[in-house]
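The values are calculated or read from the model by the stated rules, or taken from the named source; none is laboratory data. These figures come from a predicted structure and were not determined experimentally. Note that we place each Cβ from the backbone using ideal geometry, even for glycine, and neighbour counts take in every protein chain shown.
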Amino acid sequence: MLIDIRKMWAILSGIEGNLLAYEAVLADCKQQRVSIDSLYVIGDAIGPRPESEEVLRRLR
């Protein structure tokens, strides 16, 4: 598998169902000087918070 090094990635972990934190990450990605091509979630997307289901829905 070849990796295109010309692409910009954002890597996310540890949100644990925190919708406000997830939205803050997305807002930060949009404000970067370079365009983010891909967002990778590498773990802990859901957690003990009531908004975990909404975070999961948005990730899909």
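A few notes on this one:
- Close pairs from the stretch 5-19: first more than 12 Å from Ala45 (Cβ to Cβ) and in contact (Cβ under 8 Å) with a residue 60 or more places away in the chain, partner surrounded by fewer than 11 Cβ atoms within 10 Å (Cβ to Cβ) and of a type in the set (Asp, Glu), Cβ under 9 Å, at least 6 apart: none
- Checking Ala10, Ala27 one by one, the residue that is at pLDDT 95 or above and out of contact with any Gly (no Cβ under 8 Å at 6 or more places or on another chain) is Ala27 and no other.
- Meets criteria (small (Gly, Ala, Ser), farther than 24 Å from Ile5 by Cβ and surrounded by 11 or more Cβ atoms within 10 Å (Cβ to Cβ)) for Ala21: yes
- Exactly one residue out of Tyr40, Tyr22 is of a type outside the set (D, E, K, R), in a helix (DSSP H, G or I) and touching a residue at least 12 places away in the same chain (Cβ under 8 Å): that is Tyr22.
- For the stretch 24-35, residues that are surrounded by fewer than 12 Cβ atoms within 10 Å (Cβ to Cβ) and in contact with a strand residue (DSSP E or B) (Cβ under 7 Å, 6 or more places away or on another chain) total 0.
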